[in-house]
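The values are calculated or read from the model by the stated rules, or taken from the named source; none is laboratory data. All values derive from a computational prediction rather than experimental measurement. Positions of Cβ are generated from backbone atoms using ideal geometry, with glycine treated the same way; all protein chains shown enter the neighbour counts.
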Ligand code: MLC
Ligand code: AMP
């Protein structure tokens, strides 16, 4: 028996003195040291009585120790459940309750606030701060630096990543070892990663992009990562000369293009820039090429599927497209109503099948059944087409979703909060263009008859309950919501009417 994900991504690096992580201040962390921390953390987890398949919820700042905690969960056969640091206690309460997590690891600054919540749900609590201090590492430092890896099968669960839904309830996407490993292997080949690579890593590690696409790929080849706590333009400009490759969301690239220090000279040595998680404007693609001579390689993925398509490494990287289905990934375009496959060139829903596709939503068999077909195709909810040359284009979404700076926001979640407010009859949240984040939410409120809801009060309530990135840019009072004959709110009309009003 073995543990394929651990053995292939982590175990093979045992004893290596090569730097795995290069921290912001230049400190290198070798593979050997990283794996020792991983093993120590694995001991702490099992000493707490955690058993294979138990969930470990983690809401901490990005740090080497946080990444080692991912490795520790894999090594001990536990399910890693990373959470956006922006989530409020109310949001966190849902994730703990829904996932049935056994342990919550949080920042020390939030511990008092979360202790009650954790105790109430019978969840153990440990702290891990951005600098690596806290109770977790305190316990880990006393543990042996080797750990007997727990046996796992490729079909066993490795991670839960929560993704919001159109009903406003988040769903835990269950990802297996095979989902993660097969995708990492494909990306290594497709994007030509090798142990010579030094990836500039400025993404958060609580989502697919920063955790699986970036970190798993570098682990798979034994390369190095310049591991920045967050996207910081000064740090990027300073560290780019030491990197070979960088992965980002479109906001990274539009921000860099707005910086005079980001020159051709700074990037000449670079091998690869990739973009994903949100649409990269064709204009940004062109401007980037004009400035640096590099064509950004755009790819398309999802929490539920990891990476699906990519522009080619050697062939033409076409602006405004997400390239071709990756090897081993089947992609078809179907009619949104009938599910029948459409011909080349027609616009329909993108469906995906392959080893990359998740196992289903945790304890939501009905939701799983509506999105994951019995034949294995996953209905992404993205609208697209395949052109004459086989390139996939994403032209819109068949799901009510806003993507802001690469973070997903389901309007329903905000609408539920708005609808509860005094004097509010109903509401609609739409995505409007935002120069930095691509899109941002705007809240439209219809007051009850003869009421004048207090918008400041409502905004304060939203801020208390929902993560910062979900806060509407603005709230507007309007007379009524346009509806079609079926009674469905016509958000396209609202977008046309109010996009200019932010
Ligand atoms: C930060 N803020 C945001 C925001 N990020 N608001 C809306 N949308 C966002 N994405 C808030 C901050 O809290 C702050 O609030 C204010 O906006 C300005 O912050 P900032 O300092 O300018 O933002 P910054 O911290 O620099 O963050 C922006 C960012 C970050 C783009 C660098 O959001 C980011 O790293 N995004 C990457 C998301 C990602 O990894 N997605 C992958 C999902 S996986 P205040 O109140 O303090 O002013 C996936 C699958 C796939 O989608 O295909 O990859
Ligand atoms: P998430 O749930 O955070 O994994 O977000 C997945 C969604 O991001 C997809 O369903 C797409 O709508 C969007 N997405 C990811 N990559 C791209 C891309 N390159 N272009 C357009 N949309 C993208």
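Things to note:
- The set of residues in region 249-298 being within 21 Å of residue 198 (Cβ to Cβ) and touching a residue at least 40 places away in the same chain (Cβ under 8 Å) consists of 249, 252, 253, 271, 272, 274, 276, 296, 297.
Yes/no matrix, rows are residues, columns are (1) over 24 Å from residue 102 (Cβ atoms); (2) surrounded by 15 or more Cβ atoms within 10 Å (Cβ to Cβ):
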| site | (1), (2) |
| --- | --- |
| 135 | no, yes |
| 154 | no, yes |
| 167 | yes, no |
| 174 | no, yes |
| 177 | no, yes |
| 183 | yes, yes |
| 191 | yes, yes |
| 197 | yes, yes |
| 209 | yes, yes |
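- Verdict on residue 470 being at pLDDT 95 or above and either within 16 Å of ligand 1 (Cβ to nearest atom) or at positive phi (or both): yes
- The combined condition, being at pLDDT 95 or above, within 10 Å of ligand 2 (Cβ to nearest atom) and under 30 Å from residue 384 (Cα atoms), is not fulfilled by residue 316.
- Condition check for residue 264: farther than 17 Å from residue 19 by Cα and away from ligand 1 (no atom under 13 Å from the Cβ): yes
- Set 356, 408: member being touching a residue at least 24 places away in the same chain (Cβ under 8 Å), within 16 Å of ligand 1 (Cβ to nearest atom) and closer than 29 Å to residue 315 by Cα: 356
- When residue 414 is tested against (1) in the same structural domain as residue 489 (by TED's automatic domain parsing); (2) within 16 Å of ligand 2 (Cβ to nearest atom), exactly one condition is not met: (2).
- Restricting 321, 263, 267 to those that are crowded, with 16+ Cβ neighbours inside 10 Å, touching a helix residue (DSSP H, G or I) at 6+ places or on another chain (Cβ under 8 Å) and at pLDDT 95 or above reduces the list to 267.
- Condition check for residue 382: under 21 Å from the mean Cα position of the chain (by Cα) and not in a strand (DSSP E or B): no
To keep it simple, each residue is scored yes or no on (1) assigned by TED's automatic domain parsing to the domain that holds residue 59; (2) under 21 Å from residue 58 (Cβ atoms); (3) assigned to a loop (DSSP other than H, G, I, E, B); (4) within 10 Å of ligand 1 (Cβ to nearest atom).
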position: 192; (1), (2), (3), (4): no, no, yes, no
position: 199; (1), (2), (3), (4): no, no, no, no
position: 205; (1), (2), (3), (4): no, yes, yes, yes
position: 209; (1), (2), (3), (4): no, yes, no, yes
position: 213; (1), (2), (3), (4): no, yes, no, yes
position: 219; (1), (2), (3), (4): no, yes, no, no
position: 230; (1), (2), (3), (4): no, yes, yes, yes
position: 237; (1), (2), (3), (4): no, no, no, no
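Here's the yes/no breakdown for (1) touching a helix residue (DSSP H, G or I) at 6+ places or on another chain (Cβ under 7 Å); (2) outside any strand (DSSP E or B); (3) within 16 Å of ligand 1 (Cβ to nearest atom); (4) under 30 Å from residue 171 (Cβ atoms):
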{"site": "285", "(1), (2), (3), (4)": "no, yes, no, no"}
{"site": "300", "(1), (2), (3), (4)": "no, no, yes, yes"}
{"site": "307", "(1), (2), (3), (4)": "yes, no, yes, yes"}
{"site": "314", "(1), (2), (3), (4)": "no, yes, no, no"}
